[in-house]
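Here's the structure, in structure tokens; my notes come after.
The values are calculated or read from the model by the stated rules, or taken from the named source; none is laboratory data. This one's a predicted model, so the numbers in the text were calculated from it and none came from an experiment. Cβ atoms come from the backbone with ideal geometry, glycine included; neighbour counts cover every protein chain shown.
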Amino acid sequence: MNQSNKKNLEFIINSGVNYFLQDSPRNWFVNEKKLEQPSFDKDTGDKKSKIDSVIEDLKNHKSPLQKTAKNLVVYDGNLNAKVMLIGEAPGRDEDEQGIPFVGRAGQLLNKMLLAINLQREDVYITNVVNWRPTENRTPNDNEILEFLPFLQRQIDIIKPRFIFLLGGVAAKAILSTPLALGKLRGKWHEYKSLNLEEGIPTIASYHPAFLLRSPQYKKHSWEDLQMLQEKLKNES
């Protein structure tokens with residue numbers, strides 16, 4: 001882990017006790033401006049070079065997950081996207097191809113985007129964890145914390161207008177809460193970073209893989225997508 005990631009991880013851990021045990025989504029950056037700011041992205045290069053730097057740091061970061069995975073999976077899509085979608089972790093197909101959301105869940109995600117007039121090429125897609133956990137298990141809290149600095153760097157670089165969280169792991173990482181998606185979805189939250197001048201409107205919804213197993217929740221996911229679509233219309 002490089003020095004920047006160490007500083008960011010220390011910042012996250014030192015910001016409070018029981019990181020994922022808040023009874024409501026926590027904004028780490030309110031009233032904490034006096035803390036030392038991690039020195040990310042001081043270079044004046046474009047987004048591509050900065051994202052490439054994140055990828056290089058991920059390759060150099062030694063994670064236990066790396067021992068059983070085949071390929072590092074970082075992102076797909078548009079570096080100038082207004083919308084960033086954040087999922088959980090790579091599955092088998094993603095691990096094989098090194099691209100997020102390319103399996104059955106990815107095919108459903110593509111249809112979900114088309115339903116609100118978005119192409120996959122219009123958005124930036126990534127995951128909380130960048131190596132496939134064994135047997136597609138859910139990443140644990142330590143693994144979420146391990147990769148969170150890399151995810152935060154991506155957000156700071158892309159500077160999306162909106163963040164759409166896919167599943168409980170993404171909600172836990174970005175909103176810092178153990179609350180169930182049923183209590184988080186259907187409303188807008190705000191993600192803030194020390195490196196961004198303004199907060200980013202954020203919505204949490206169900207992961208496409210969950211929707212494949214439980215199609216009765218698709219109507220709720222559609223409601224969340226419509227909320228995003230309305231925001232995008234107002235941006236036009």
field: Residue list for the range 171-185, restricted to those being of a type in the set (A, V, I, L, M) and surrounded by fewer than 19 Cβ atoms within 10 Å (Cβ to Cβ)
entry: 179, 180
message: Quick check on my filter: what residues within the range 169-204 are modelled with pLDDT under 95 and either touching a Cys at 6+ places or on another chain (Cβ under 8 Å) or not in a helix (DSSP H, G or I) (or both)?
response: 176, 177, 178, 179, 180, 192, 193, 194, 195, 196, 197, 198
message: Scan the range 130-141 and tell me whether some residue there is free of Cβ contacts under 8 Å to residues at least 12 places away in the same chain, under 21 Å from residue 47 (Cα atoms) and not β-branched (Val, Ile, Thr).
response: no
message: Can you tell me how many residues within the range 205-236 are under 22 Å from residue 126 (Cβ atoms) and either among the basic types (Lys, Arg) or not in a loop (DSSP other than H, G, I, E, B) (or both)?
response: 15
message: Of the residues 76, 95, only one is modelled with pLDDT of 50 or more, surrounded by 14 or more Cβ atoms within 10 Å (Cβ to Cβ) and in a helix (DSSP H, G or I); which?
response: 95
message: I need a count of the residues in the range 193-236 that are surrounded by 11 or more Cβ atoms within 10 Å (Cβ to Cβ), touching a Lys or Arg at 6+ places or on another chain (Cβ under 9 Å) and closer than 14 Å to residue 162 by Cα.
response: 11
field: Residue satisfying all of: in the range 150-184; in contact with a strand residue (DSSP E or B) (Cβ under 6 Å, 6 or more places away or on another chain) and of a type in the set (Val, Ile, Thr); farthest from residue 46 (Cα to Cα) among these
entry: 174
- prompt: So which residues in the range 150-167 are part of a helix (DSSP H, G or I) and either at pLDDT below 95 or within 11 Å of the chain's Cα centre (by Cα) (or both), if there are any at all?
  reply: 150, 151, 152, 153, 154, 155
- prompt: Which one of these is modelled with pLDDT of 55 or more, in a loop (DSSP other than H, G, I, E, B) and more than 29 Å from residue 225 (Cβ to Cβ): 70, 6, 42, 33?
  reply: 70
- prompt: So which residues in the range 111-134 are assigned to a helix (DSSP H, G or I) and either buried (at least 16 other Cβ atoms within 10 Å of the Cβ) or hydrophobic (A, V, I, L, M, F, W, C) (or both)?
  reply: 112, 113, 114, 115, 120
field: Odd one out for residue 221 among (1) more than 15 Å from residue 88 (Cα to Cα); (2) small (Gly, Ala, Ser); (3) out of contact with any strand residue (DSSP E or B) (no Cβ under 8 Å at 6 or more places or on another chain); (4) in contact (Cβ under 8 Å) with a residue 24 or more places away in the chain
entry: (3)
